[in-house]
Amino acid sequence: MKAGQTNKDIHKLADHLFRHEAGKMVAVLTRLFGIHNLELAEDVMQEAFAKALKEWTFGIPSNPAGWLMLTAKNKAIDVIRRERYKKEFALETTALLRSEYTTSPVVEKLFMAYEIQDSQLRMIFACCHPALPPADQIALTLKTCSGFGTQEIAAALLTNSETIKKRLQRARNTITEENISFDIPIGEELKNRLNIVLQTIYLIFNEGYNSCNKEELIRKDLCEEAIRLALLLTENDYTNQSKCYSLVALMALLSSRFESRMDENGEIILLEDQDRSKWNNELINIGLSYLTRSAEGGEVSTYHIEAAIVAEHSMAKNFEETNWQTISALYNHLAHFNPSPSILLNKAIVTSKLMGPQTGIAEIMAIQNIDKLMDTQYLFAAVLGHLYKQAGDRGKAIALLNKAISLTSSVSEKKLLKRKLEAL
């Protein structure tokens, strides 16, 4: 071990590389072995990291990521030589891998940078196949594409490790039983599957941006991973559609607020009270750039409209200068596309900014199944409580804010709601 280098340093580096390199390694190994051998690909990846933890005690290589990829490649060749007549590998490689003359060239080719990127995209589409339930899609994507451990996924999705293990095993079984192909679909199937992929990526981002974890409101690692996966889509000729650019724009603009959303005590700071000097201008500029590029496709998706709404907030110098008229028009358009309760709730909040709290309350009360939503989802009770407070109805405000406190498990959200109650 080199001077100043500790086991802790090695494990910290390995953890960092696992998050950033494991998905790439599993993707290219799966393309080589076939998706029916997904667990074999994961085993080879794990063996590469285990070897790193052992050998790096004698010195960390100058290019650790490259060292890991080379180790995985060599281990893959060992597996192929050992199993070439016992296993069926990927359809496109099996015949070539049975010959010693063609094995090395095939493996070398698939481990080239542009092929690794292509393999990652194939993995994303495989993980988001419609044969898999949405919960399984998210778990499998986080595990195989993003290098998240079982416990991490369980924490992110508010469940336990055993449940995640069952979801992952069920997903692997479905992949085998349904003979899911490891490729990027084309034509109408690409359009349908791309929508599922984008939805899964946005769900991952949202879990990071407003985490259900009661101790940790923001999970930056989830947000960063969602953006990375979406960027992969924009860099491929088949998938670089305008809605992919708009999703990157939306996530980049939202991420620009990270440093202003919580105070030093871990308490939530609302948009109107945030210090906008802490907003990340580089991410805002990236978001606006991708939003501009998304307009070139001629298609309008919900991601376009949501990104445009966040862009309006990002361009306002302060909360008072927010262009509520434009945001209201965008929400009307968004509600036409997707009249979900959460979008109608946000639309009502904007209406209250323009026309007063009573009008906003009326819009919320008109949402279908609003009584059930208020009894099960804290945000509906919290927003209504805030609007009743603005309208001067102290009794209803107190009752609704107390209900909201009882419905959320987030420590930060409870603190915010209690502050509102104390102000009453």
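Hey, can you tell me all the residues within segment 75-89 that are out of contact with any Leu (no Cβ under 9 Å at 6 or more places or on another chain) and in a loop (DSSP other than H, G, I, E, B)?
Selection gives Tyr85, Lys86, Glu88.
Criterion first (part of a helix (DSSP H, G or I), closer than 23 Å to Thr150 by Cβ and touching a residue at least 12 places away in the same chain (Cβ under 8 Å)) does Ala72 satisfy it?
Yes, satisfied.
Out of segment 368-409, which residues are among the hydroxyl-bearing types (Ser, Thr, Tyr) and either closer than 19 Å to Asn346 by Cβ or at pLDDT 90 or above (or both)? So that I can check it myself, show each step before the final result.
Of all residues in segment 368-409, those among the hydroxyl-bearing types (Ser, Thr, Tyr) come to 376, 378, 388, 406, 408-409.
Thr376, Tyr378, Tyr388, Ser406, Thr408 - these are the residues of segment 368-409 that are among the hydroxyl-bearing types (Ser, Thr, Tyr) and either closer than 19 Å to Asn346 by Cβ or at pLDDT 90 or above (or both).
Can you find a residue that is closer than 28 Å to Arg122 by Cβ and of a type in the set (Gly, Ala, Ser) anywhere in segment 275-284?
Within segment 275-284, none of the residues are closer than 28 Å to Arg122 by Cβ and of a type in the set (Gly, Ala, Ser).
Which of the numbered conditions does Met69 fail, given that it passes all the others? Conditions: (1) more than 24 Å from the chain's Cα centre (by Cα); (2) within 25 Å of Cys223 (Cβ to Cβ).
It is condition (2) that Met69 fails.
Only one residue in Leu142, Leu121, Leu132 is modelled with pLDDT under 90 and under 18 Å from Ile35 (Cα atoms). Which one?
Leu142
One line per residue, one yes/no per condition, for (1) surrounded by fewer than 21 Cβ atoms within 10 Å (Cβ to Cβ); (2) more than 17 Å from Thr30 (Cα to Cα); (3) more than 24 Å from the chain's Cα centre (by Cα); (4) among the basic types (Lys, Arg):
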| residue | (1), (2), (3), (4) |
| --- | --- |
| Ser104 | yes, no, yes, no |
| Leu142 | no, no, no, no |
| Thr163 | yes, yes, no, no |
| Gly187 | yes, yes, yes, no |
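When only residues in segment 286-324 that are over 24 Å from the mean Cα position of the chain (by Cα) and in a loop (DSSP other than H, G, I, E, B) count, which is modelled with the lowest pLDDT? Walk me through how you get there before you give the answer.
Residues of segment 286-324 that are over 24 Å from the mean Cα position of the chain (by Cα), as a first pass: 296, 298, 315-324.
Subsequent filtering for residues that are in a loop (DSSP other than H, G, I, E, B) retains 298, 316-318, 322-323.
On the way: Gly298: 76, Ala316: 94, Lys317: 93, Asn318: 93, Thr322: 95, Asn323: 96.
The qualifying residue modelled with the lowest pLDDT is Gly298.
Looking for something under 27 Å from Asn240 (Cβ atoms), free of Cβ contacts under 8 Å to residues at least 12 places away in the same chain, aliphatic (A, V, I, L, M) and out of contact with any Lys or Arg (no Cβ under 7 Å at 6 or more places or on another chain) - is there at least one such residue anywhere in segment 104-117?
Checked against the condition, which is being under 27 Å from Asn240 (Cβ atoms), free of Cβ contacts under 8 Å to residues at least 12 places away in the same chain, aliphatic (A, V, I, L, M) and out of contact with any Lys or Arg (no Cβ under 7 Å at 6 or more places or on another chain), segment 104-117 yields at least one hit.
Show me the helices (runs of 4 or more DSSP H) entirely contained within segment 177-285 in which 1 or more residues are free of Cβ contacts under 8 Å to residues at least 24 places away in the same chain.
Details: elements: 187-209, 220-234, 242-255.
In segment 177-285, 187-209, 220-234 are the helices (runs of 4 or more DSSP H) which contain 1 or more residues that are free of Cβ contacts under 8 Å to residues at least 24 places away in the same chain.
Kindly state which helices (runs of 4 or more DSSP H) lie completely within segment 108-169 and contain at least 2 residues that are closer than 19 Å to Ala41 by Cα and not acidic (Asp, Glu).
Those helices (runs of 4 or more DSSP H) span 113-127, 134-140.
Which residue out of Thr103, Thr57 is of a type in the set (Val, Ile, Thr), at pLDDT below 90, part of a helix (DSSP H, G or I) and in contact with a helix residue (DSSP H, G or I) (Cβ under 7 Å, 6 or more places away or on another chain)?
Thr57
The values are calculated or read from the model by the stated rules, or taken from the named source; none is laboratory data. Please read all numbers here as calculations on a predicted model, not as lab measurements. Cβ coordinates were reconstructed from backbone atoms using ideal geometry, including for glycine residues, and neighbour counts include every protein chain displayed.
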